[in-house]
Every structure is written in C-alpha cells, then in structure tokens.
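The values are calculated or read from the model by the stated rules, or taken from the named source; none is laboratory data. Keep in mind it's a predicted model, so treat the numbers as computed, not measured. Positions of Cβ are generated from backbone atoms using ideal geometry, with glycine treated the same way; all protein chains shown enter the neighbour counts. For accessibility, only protein heavy atoms count, side chains too; no ligands or nucleic acids. Shrake-Rupley method; radii C 1.70, N 1.55, O 1.52, S 1.80 Å.
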Amino acid sequence: MADVQAHKPHRASKKSKEKTGSKHTGEKNPKAFAFSNPGKLARQAARSHDIKEKRLHVPAIDRVPDEPPPRLVAIVGPPGVGKTTLLKSFIRRYAKETIQDPVGPITVVTSKKQRLTFIECANELEAMVDIAKVADIVLLMIDGNFGFEMETMEFLNVLAATGMPGNVFGILTHLDLFRKPQALKDAKKRLKHRLWSELYQGAHLFYLSGVLNGRYPDREIHNLSRFLSVMKNPRPLIWRNTHPYSIIDNYRDVTHPTQIEQDDKCDRTIELSGYLRGTNFSADGQRVHIAGLGDFTLKEIEQLPDPCPTPAMEQALAKAAGKTGRRRLDEKDKKLWAPMADRSGLKITGDHIVITRENGFTFDKDAVGVERGEGEQLIIDLQSERRLLGQTDEGVKLFASGQKISQLPAEDEDIGNTGRKSRRTARLAEGESGNPPEDEGFESGEDDDEMEDGSDVESEFNEMKLGNMFKNQVDQDQEDDIAFADSDSDLGSISGDEDQGSDFDDEDDEEDPELKWKDNMMERASQLHGRRKPFRAVDLARYMYDESMAPTEAIKKWAGQDEEEDIEEDIEEDDETFFKRTGKEDREDSWEDRMIPKFDYEQLEAKWSDKDAVEALRNKFATANLLDEADGEGEGGSDFEGLDDEDEDDEGDGAFEDLETGEKHGDDGDGEEEGDEEEPPAESLEAEREKNARRKEELKLRFEEEDREGFKNDKAIARREGGNDEEFGEDDWYDAQKAMIQKQLDINKAEYENLDESQRVAVEGYKAGKYARMVIEGVPAEFVKNFRPRMPIVVGGLSATEDRFGFVQVRIKKHRWHKKILKTGDPLIFSLGWRRFQSLPIYSISDSRTRNRMLKYTPEHMHCFGTFYGPLCAPNTGFTCFQSFSSANPGFRIAATGTVLSVDESTEIVKKLKLTGTPYKIFKNTAFIKDMFNSALEIAKFEGASIKTVSGIRGQIKRALAKPDGHFRATFEDKILLSDIVFLRAWYPIKPHRFYNPATNLVGWQSMRLTGEVRRDQNMATPLDKNSAYRKIERETRRFNPLRVPRALAAELPFKSQIIQTKKQKKETYMQKRAVVVRGEEKKARDLMQKLTTIRKEVVEKRKAKKAEQHEKYRKRLEEAEERIQSKEKKEKKAYWEREGKKRGPSGDQGGGGKRRR
C-alpha cells in the first residue's frame, strides 16, 4: 500500500519564480542611474565643457628654444615694502652668497635645466612700464600693515593693458606688526580678496612674517622658491612671441679715449650684453629700440659664452668633448651672474670696475706699515705715476725673475724699427742649412750672459726636454690628432709617420733637435690639410652673402681660380715645393669635383630654341606611378603610362633622349614609330577621363607619401571608416593645426641643421637663449653720464612696419580712477610697443557710421576713437597713456588705456562748423544775406547747401551777388524777419599735428607742457580776450501790433470763430465799489483768537527749552559712564598683558626678533 501511494508534487514557491524570471540582462537599471539633481548635473556638464574649451586657443607657434633663456622674475612694489630684502634672501637661497647692494639683473641657476633672472623694479613709472613688457614672473609685494598702495594698482593696470603674464603672485610683508591674531587673520582675508578682484579668483598670495638677520625666514623663502621652480611655462604673449628683445645686464662704454678727450659731449659707442629672448635677432642691420633712449641700428652683434650655464648645458658640452659630467647640482657649483651688483667687493659700473674693501685703501705711496696686496700695490704705483712707461726712474719689472726696465735701448739701423706694417706671415725653415731661424722682430732687454745665468722660471723651459717629451708622445699615438704646444719649439713632430722623413735621415743627425720637427713640412702639410675642393655648395652660399667681394670675384673664388693664380705667382723652382699643378689635377677639378657639369652653352641655346625640342622635354616630366595595380598596358599611346611591374627596366615613357650626348634610347618599335613621324590617333572621351582620374590618384598618393599627418593618420582613417569623411571631429581641427605648425618647425629645423654655424646665423639670425654682445653707435653722451644701474635697459627689436610713421587710429577710454577727462589736442604720453613717446591725439566718435565727428573731450565712462601721429603698430596691440611720469602728482597717473584699430597715412575726422549771417533785404520768400562769407569763391563752394534761421525756417543758398562781395541770395520756405539770424551747419575736415616726442628719460627728457603749466611756471597772467569775457545780455521787450482781421473776412467766419471784442467799461461795478467793515461781536472774536494764539506759542517755547536742558544733563551722565568703562578696560588689559608677558618671555637660547617698526 505504501509502495503504490504517490504524493502530489509541491508547487513552486513565489521566490523561486522571481529568481528564475529576473535574470540579469546586462542593461543598466534606470532607477539606479537616475539623475537625483538635474540642475546640478547641468552645471557640472557646463563646467566640464568650459574647462575643455578653455584649452582650445588659436594655435600659436612655439618659439621656445632648446636652451631657453632664464625666466625674468620682477620684484615690484612701493618703497619700503622689502623688495631688496627679498632679493637678498633669494640670492642667499640659490647661490649661498651675500650681496650688499643687489642692482641690475641677477641670474642664478636653480635646477639642472632652469635659471632665473631676478630684477628689482625701481619706484619710477618708466621702470614699471618697461618691466611690465618683459617680465615672465611678477612678485607683487604688498605691505600687509598698510594695504594696497597707488604704485601697486598702477602696475597692475599697466600689466592688464600691455599683456598680463600668466604668473603674478602677491607677497604680504610686515605681518609682524600685527599685535592681535584676529586682526592679522582679517587683514590676510581682506587683502586676498582684493588681490583676487584685480587679478583672478584663486591668485596665489604668500606671507612673509618678519625679518631675521637682514633676511626673511629661510623656510618661507624655501617654500616660495620651490613654488617658482615647479611652475609651467604659460602661453606666450603675442607681442613677445613676434619680437626679439633682451634685458641688458652688462654695460660698457667702448668709445675711443681720444674722441672723449677732444669732445666730452661726443656721441658714444656702447656695448650692451644680455640674454636674447623672443624671436631671433637679425645678424646684419637689426633695428632696435632702447626704452628711454631711442631707435638705433646694431653695428655688431656677437654671441658670447654663456656666463651662467645650467648643469645640463655643461653636461652636453662635456659629452661632446668626451668627458663625464656631474649629475647633481652641488652647492659649490651653484652659479651667480650679477655684473652690475656689488659681489664680493667687485662691482662693474659702466667702463670701470669698482673694488670695495672693508678696511679701506691707503693711497699714500710713502706710508709705512701698510699691508698691500700685489695688485693693490701695482694700482697705487700706476695711479701715483704721471710719466710714461719708458720715462720712469725706477723702471718697470715685467717678470718676477727679470730686471726692471728703466730706459729703452738705443735704436740702431738693424734693430731700429721693430714695428710691423703688415700681418705676420709664416716662414719655412730650410732643411739643408743648420743655421737657427732669424729673429722675428722681437728684441730682448737682457744680455746673453743674463740668459746663460738663467732663472728658476726659465730653466724649466728646456727645448730639448720638451721636444723629446712630445716626440715620445707622438710615437705612442701615431693615429691621434695633431699635438698642440705652447710654441713652435715645443712641438716635436707634426705627424706620427716614421717614413715621412726618410730623405733627411742622414742630415738629421747633424742638425739641432729643435729644427727636427721642420723636416718635410711641405709634404706633411699637403697630406694633412690638402687644398679646399672647388665648387662646394657650402662655400657658394657664403660667397653669395659676402658683400665685400664682387660677383665675378666670388665665382672665381668658388671655382678655385684665384687660388690657382696666387699659387702660380708664388711658385719657386725648387724640388721640395708641393704647389705645382698638373694638367691631370685640372681635369679632376673640372669634372670630378664639380657639383655642376660643364656644357657647351651655345649648342644648348641653339638646341632649346626649337619649340619641338621644348615640347618633347615637357613630355619627359612624368612622375613615377605609385598605384598598386599595373594597368599601363592598355594605354600605349597616352602621354602618361606609369610604371609596369612586369618590365622593371622600362622607365617612364620608354624612349628618351640623352640631352648631353644627343643619343636616343628605347625600344626598336618605338624608334620606328618616331621615325615614321606619324601623329598619334585622337583619344576618345572615356580614355581622357580615365587618364585624368589616374593623374588625380597619382597626386593624392604622392601627397600621402610626403604628408604622413594627412589622410593616412589614425584619426583620418577612423573618420573614413565611421562615414564622417568630410567633417572634423570635436578636437581634430585643433590637433591638425598644431600638427601642421609642428611639421613646419621640424622642416625648418632640418633645413637649418644642414648649414654651418656662420651660414645659419646669416640666414636664421641669433636664436633666443644665447648670451650676446651688442655694439651700438651714436648714443648721446648723457646716457653714459646719467647711467643708473637700477633702471632696467630693454632692447626691443623692431619690424620693418614699426620703423615707419603715420596716423594711428585707436580705441581709447579714460581710466575710471583718473580725476580729469582728457581734452583734444593736449599732449599725452603713449606706451605703445617698446616705445614711450608723446603725441597730440584727437578724439572722435562715429555719427551713425557715416562720419567721425571730433570730440572736444573724452566721454566719462565710454570708449571713443583717437587718432595721433606716431610709429605704426599692429592692430590689437594694447597701450597705456599718461599725462606725466612725475611722482609729484598725488593722483592716479594712468590717464587712459586702449587698443590699436588700424594704421593709415590719411584720416577722416570732421569738426562741426557753424557760419552765421543776417538778412539785410527781404522779399516774399527770398532774402539777401550778409556777414557769412568773405568772397564769391567761398559762396560757390556752398551753393545748394541748407541753411536755417534760429526760429526754424529752413532755406537754401542760391547764388552770390555781384556786389558787394561775400553777399548771396537765399530762398526760404517762409518769409523771414530782419531780426532773424541765419546759420549754416557744415563739417570741416581736420588732421592731427605731426608731433612725435620720444620719452628719453635715460638721457634727460622734458615733456611738452600745457599752456597753463607754462604760464604758471613763468608766472604769467592769463590774457583776457574781449570776445571771451562774459557780459550781461539785456534783451528789450518786444511789442507786437495787435492782430487786425478785416471786417469782410470776420463777417464770413462761422459763429464759433467770430471775434468777440468787448470794450472797457467806464463805470465801476458793484463788486469793485463795495468795502468790508468789521464791527461789534466779530471784532471782539478776532481779538480773542489773536490773544489765545500768542499764549499758546509762548507755552510751546518754554516747553522746548526745558526739554533741551534735561537732554543735556542726560548726555553728560552717559559720557561719564563711558569714561568709567574705558578706564576699567584699560586697567584690565594692562594687568592681563603684565601677567601673560611673563609667561611668553623669550627663552634663553633664542634671541628676540629685533626692533619693531613703528
């Protein structure tokens, strides 16, 4: 029973159904990934897109060289804020040196590949303007105890107008003067937000707490220097990326002393040195502008060794020389370049060197017991001596072991004239003669006995020993380079070959050892050096750009003909000479060494004057077929067949003609066809289309071979596969532009690397990052006399356009902090480009885009146009304007800012002109006008012009009257009166004055003053013009006649319009006759009311007086309570600080922080 019983199966549970039915399909759950805050999502998406778009600027050419110049760090701030202290701290941090007076640019090595140039900006507006144009990093120093000062805000506005560098940092100083921590915290927050409003949100602000031992704390300077080291290069400014410039860190006057003796105020020749920045300086005739000095042309520019190289540069030089360089920057290797500063007692100022000594100098030559160094003693001897070198009694000792020379030796015939008139020429020793070489023009002041006695110094230079030493060294290293020695006698043998001197083995034993190295010198020199090969492309480029030789001379020199002529003239009939040329050498030079083969040009001219030959040559220019398929067989008669893979020997069209020999090569079949001179059959339209398609495909493939960044790059292939062949992606255009610029830079670099150094400099110029010396002529003498090393010297390169002058149209706006509006025609100082100059601008505004109407004053809060005469500059160049650079002006000195719109030689500015006249004879609608013009010629220019009366009646000028001169006839739309004034509104064209006054503050400069300033300085009264004085205008009351309407017209008028005239009544009316008389009760009531009013007023006055008295007593009680509270707080504060001061007293091992500034 139990075996056959079957139980009912269990039902599936709901949980299992849910598990089996809800399998994961791989799709996202929409509820889990829903947007919880759509507004926040939209803001995040907008922000991410903004961040992505901010990096997409117009692609700029990266002109930063491989070895960039040092970054220029400008320390700017008002006086007394701690600029010099910060500069000393940086120098101590980087170079481990202490400079007492750091002036001028100071360059230090900060890391393996980075250098910084620190410069302290002087507290002058000219220096601020120049520094703002060239600074890479700006350290803006702010007195935290005082706040922002006027100089700081002026510098920030100059930066914003000329180009804001990417790295501007604020530094707060004097924070140790705050006594309360909360006050310090509030000041930091307030100044930080004020700096953010001027620069940008999040601008960095550093804090320097106090001064210890003349410097800021080392930890704070270390943090600031680390921040300067890790900064990235910002996007270059457009002006600096298109102009060469340099910051001068060394200056020298190289004028000939005789010119200065003859004329103390003669123009000087100066030498300026500094790192080149921006673009390349031209090697010849570079036009530059020195800020504060003027425009000049560089006489000479020369690259100098880098005075402050980075370890990476030294390692590269060591690697090129085969040496191993260090990999870390040790403390002793940290370099400092400060030629203008007082470094270790040595300071270079202009053309002389100042040596500072702590104990001072004693210039008394006869002083006893004074310790002097050797150099100091020599300087004092030279300073005290006023005679020439050969006229001294004691004489001059040139060598330590020699004797003093007291007089010159007597002049004999043999040794009388030892001076040279030409360059020294090399002379060859005769191998057969055993005589020593002749004296080369030098005389000795010592006798032979003295030479034989010798000294310790001279005994070391034994020619025999040095010769054997060098000879052994050459024998060991036979295949090395030529050994160098200090003199000819020190060199044993030029070459290491032993068999070269075999012809003179017998004679060498008899000769002196010092002449042994001269054996077979001609043969060895011929083997080592040889002769320059003619027809070299490198030499041709150098000769082409050499302006000192004529073209024919350059061609001869390139071909080597001038060398042949010189050699043939100097040939001597001697067996040892190696300059004799043979016909075989001529043939080798003519054919094998030539880069260009020789042709018979008459034969070529006759051949290529034939049109058929030219057409045949044109068919030869068929490019190779780059297509993969070989389908050139079907078009045997076409001009373009391409390459056939099956026949590799076939080239181009098959048959061709050798242009030099005239021979024809090709297949027999082709030759027969050419011999038959049959015209090819006309191609069909389909064949022509197919041929054009093949040519297009050929050009496309060739372009792909040349430009790998084009259609064959990865992004282009991905676009084609995705179907977007015609459109660029979101970032593809930007990347393509950058790739194009980078490709051009690579091409330029590859081309320049093929040139030698002299040719590259002649073509490319001197690259940025090099240290160069620039020589400038015609500098005023006042520059040398008034030279101040604290003022920066900026040498900026000028383009060809910037060297021209004309009218510049700008968009200008008065600065909102400047007190006065600007007047047309008043002188204004412009800082435009590298220049600072004064000009007379004219302001204008556009009237409905039809004309530029002149404005007498600039608008208060709006832009306007300005036109002035000055150097032309590129559009969109920013500038700033000043009325005066003087610091005596207490207000904000930046008058206006703006940008350049266009440059042109002509201007179109018109001024409103009103001509007035009066009528003297009036007809119905015609009148004769006088006092408006002076001649009939002026009236003829204005015929048909519109005129108008003051009352608004319009009219037109018709013609001039015969007599009197200057009167004309005019018609009006209504009859005018004799009392009307007629005026003509015209537009008069004006042009700015051609006034250009460069601001040469480095040589002393006087700006153009206003008329009021001149009168005030000379104490002159303002002239009063009679017509300019205000006078009282008395206008008489005009009486008009009553309107009289004719009776006939009045009778015809309708009833409403009829004129009703009432006559004056002769008798008075009742209302005029009656009089009011107060009587009885009314009189008593009025009297009572008057008395009550008087009593009420008196009560009110007494109440006011009593209330004021009570208020005065209350105020006195409040003052007494306030005084008691203040005295109590003062006592509590005093007791608190007495108690807390004992707790916070300085410990025994640490000193105080010094005196506090009050």
Item to complete: Give me D for the stretch 170-215 in µm² s⁻¹, whole number, from Stokes-Einstein with Rh from the Kirkwood sum over alpha-carbon pairs, 25 °C and 0.890 mPa s.
Response: 214 µm²/s
Item to complete: Determine the gain in length on full extension of the stretch Arg851-Arg179; use 0.36 nm per residue of separation and subtract their C-alpha separation, reporting nm with one decimal.
Response: 235.6 nm
Worksheet, complete the sentence: Extension length gain for Tyr1114 and Gln737 (0.36 nm per residue less Cα distance), in nm, is 127.5 nm
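How much length would be gained if the chain were fully extended between Arg1015 and Arg1103, taking 0.36 nm per residue of separation minus their Cα-Cα distance, in nm to one decimal?
So the extension gain works out to 25.4 nm.
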Item to complete: Any chance you could look up the accessible area of Glu1132 with a 1.4 Å probe, heavy atoms only, rounded to 10 Å²?
Response: 110 Å²
Worksheet, complete the sentence: For Trp834, Trp987, Trp733, Trp337, the accessible-area ranking with a 1.4 Å probe, largest leading, is Trp733, Trp987, Trp337, Trp834
Worksheet entry | Neighbour-limited loop hits for trypsin sites (Lys or Arg not before Pro), the stretch 134-232 (at most 13 other Cβ within 10 Å; DSSP other than H, G, I, E, B) | Arg179, Lys232
Worksheet entry | Stokes-Einstein D (µm²/s) once Rh is taken as the Kirkwood radius of the stretch 60-100 over alpha-carbon pairs, at 10 °C in 1.306 mPa s | 124 µm²/s
Fill in: Residues of the stretch 179-198 with amide N under 19 Å of the 7 Å Cα→Cβ point at Phe146
179, 184, 187-188, 190-192, 194-195
Item to complete: Determine how large the accessible area of Lys335 is when every protein chain is in place; take a 1.4 Å probe and give Å² rounded to the nearest 10.
Response: 70 Å²
Practice prompt. Give the span of the stretch 902-953's Cα atoms along each principal axis, as three whole-Å numbers ordered largest to smallest.
Written response: 53, 26, 17
Worksheet item: So, in nm, how far is label Glu1122 from label Arg235 when the simple model puts each one 7 Å beyond its Cα toward the Cβ?
Response: 5.7 nm
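As a test of reading the structure, rank His861, His174 by solvent-accessible area (1.4 Å probe, protein chains only), most first. It would help to have the intermediate numbers written out before the result.
Details: His861 140, His174 40 Å².
If we order His861, His174 from most to least accessible, we get His861, His174.
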Worksheet, complete the sentence: The long-range amide H neighbours of Tyr245, using H built 1.01 Å from N in the peptide plane and a cut-off of under 5 Å, are Arg277, Gly278, Thr279, Gly797
Discussion item. Given a Förster distance of 30 Å, report the FRET efficiency between Ala687 and Leu604 from their Cβ-Cβ distance, rounded to the nearest 0.05.
Written reply: 0.25
Discussion item. For the full complex of protein chains and a 1.4 angstrom probe, list Thr850, Thr918 by accessible area with the highest value first.
Written reply: Thr850, Thr918
Response to the item:
Other residues with Cβ under 12 Å from the Cβ of Asn280 give, with Lys and Arg +1 and Asp and Glu -1, a net charge of +4
Worksheet item: Using the Kirkwood formula over every pair of different C-alpha atoms, what hydrodynamic radius in Å results for the stretch 1021-1079?
Response: 19.2 Å
Worksheet entry | Set Lys814/Lys914; Lys133/Lys767; Lys189/Lys1131 screened for pairs whose C-alpha atoms are more than 23 Å apart | Lys814/Lys914; Lys189/Lys1131
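Order of 1051-1062, 1108-1119 by packing, highest average Cβ count within 10 Å first?
The densest-packed peptide leads the list: 1108-1119, 1051-1062.
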Fill in: Radius of gyration and maximum dimension Dmax of the stretch 962-1073, Cα, Å
32.5, 98
Item to complete: Counting other Cβ atoms within 10 Å, keep those with at most 16, restrict to DSSP loop, and tell me which GluC sites (Glu not before Pro) in the stretch 894-1001 are left.
Response: Glu905, Glu908, Glu943, Glu973
Worksheet item: Given a 1.4 Å probe and the protein chains all in place, what does the accessible area of Phe807 round to, in Å² to the nearest 10?
Response: 10 Å²
Fill in: Residues of the stretch 911-937 with amide N under 12 Å of a point placed 7 Å along Cα→Cβ from Lys958
922-929
Worksheet item: Of the peptides 870-882, 293-305, how do they stack up when ordered by the mean number of other Cβ atoms within 10 Å, highest first?
Response: 870-882, 293-305
Fill in: Within-9-Å neighbourhood charge of Phe983 [Cβ basis; K, R +1; D, E -1]
+3
